[in-house]
Ligand SMILES: Nc1ncnc2c1ncn2[C@@H]1O[C@H](COP(=O)(O)OP(=O)(O)OP(=O)(O)O)[C@@H](O)[C@H]1O
Ligand SMILES: [Mg+2]
């Protein structure tokens, strides 16, 4: 396992972007009461505080997936992962997007990496431990990616068992983690099918916007096909509504429609639209440490509690 290179003295993790941001003032938002009507239009369900763990693993694998771009997949992977780690869970994040946004969002200089997820998928494969990195967040590890991964989709086509390549790579480390989160690229190609083929459940971030509803039928269709043909245990974990703006009628109307179509699969936790998330990508760290008391950090902690209660079966 490698650790990220130490930042230059006095430098923050995001310095490679040459934009400076500061955490600024945190906005405190009150916690909700049980039975209070939440942004989904339903009362919040009772979610227990996660119990501490006295042992770890085997991991529940969660694919964070939506073929629509820019809906909050990477933001949710980083911040849910960090919030789960705060609850004492051992978490592995897998960057399955050649853009490497997940790796960059954790301050990893991914362009310079010699060994990435690409080397786990395409022969001659390396051991998973050679690619594994610690992050600056305690309990949160990463399998990073960069543009090399874009060749994998083509190279894998001729491999036997090509849909199971990621599953084979993750298998040796599953016992060490409680949760594995896979950040998928915005497509339903072979890499995403690999993520679905080795996952227990799918978390679908969805931007609270009318056109976002259109692609969800194709996505749930793909999930059903993967369940039938490759992975019978795959389950639709939940729909996470992101970039919600309670002040607009549009947001509230889209939310009502999502709840009408997907019912209980919609998480009670909703992620509001806020500039704090783009700031954290520049800073190269999760919102839970960048602005720990912000509404965004609290929302991802609430999501972590829901995910532990609803989706993490083995802890
Ligand atoms: N709740 C939010 N409020 C405001 N901006 C957000 C929110 N969540 C994410 N963003 C911003 O929106 C952009 C897209 O988010 P993100 O990269 O997480 O989406 P994605 O689904 O992973 O995108 P891609 O499909 O390109 O991988 C980023 O600039 C991110 O900082
Ligand atoms: Mg992304």
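The values are calculated or read from the model by the stated rules, or taken from the named source; none is laboratory data. As the structure is a computational prediction, the values presented were derived from the model and not from experiment. Cβ atoms come from the backbone with ideal geometry, glycine included; neighbour counts cover every protein chain shown.
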For the stretch 38-50, indicate whether the set of residues that are out of contact with any strand residue (DSSP E or B) (no Cβ under 7 Å at 6 or more places or on another chain), surrounded by fewer than 17 Cβ atoms within 10 Å (Cβ to Cβ) and at pLDDT 95 or above is non-empty. no
Residue list for the stretch 225-247, restricted to those being part of a loop (DSSP other than H, G, I, E, B) and either within 22 Å of residue 300 (Cβ to Cβ) or within 16 Å of ligand 2 (Cβ to nearest atom) (or both): 243, 245, 246, 247
Can you pull out the residues in the stretch 54-97 that are more than 16 Å from ligand 2 (Cβ to nearest atom), out of contact with any helix residue (DSSP H, G or I) (no Cβ under 7 Å at 6 or more places or on another chain) and in a loop (DSSP other than H, G, I, E, B)? 54, 55, 88, 89
Filter the stretch 155-188 down to the residues that are within 16 Å of ligand 2 (Cβ to nearest atom) and in contact with a strand residue (DSSP E or B) (Cβ under 8 Å, 6 or more places away or on another chain), then identify the one that is nearest to residue 90 (Cα to Cα). 181
Need at least 3 residues that are under 13 Å from the mean Cα position of the chain (by Cα) and within 30 Å of residue 251 (Cβ to Cβ) per element, so show me which strands (runs of 3 or more DSSP E) inside the stretch 135-220 make the cut, counting only ones lying wholly within it. 179-184, 201-207
In the stretch 257-293, how many are in contact with a helix residue (DSSP H, G or I) (Cβ under 6 Å, 6 or more places away or on another chain), buried (at least 19 other Cβ atoms within 10 Å of the Cβ) and over 24 Å from residue 179 (Cα atoms)? 3
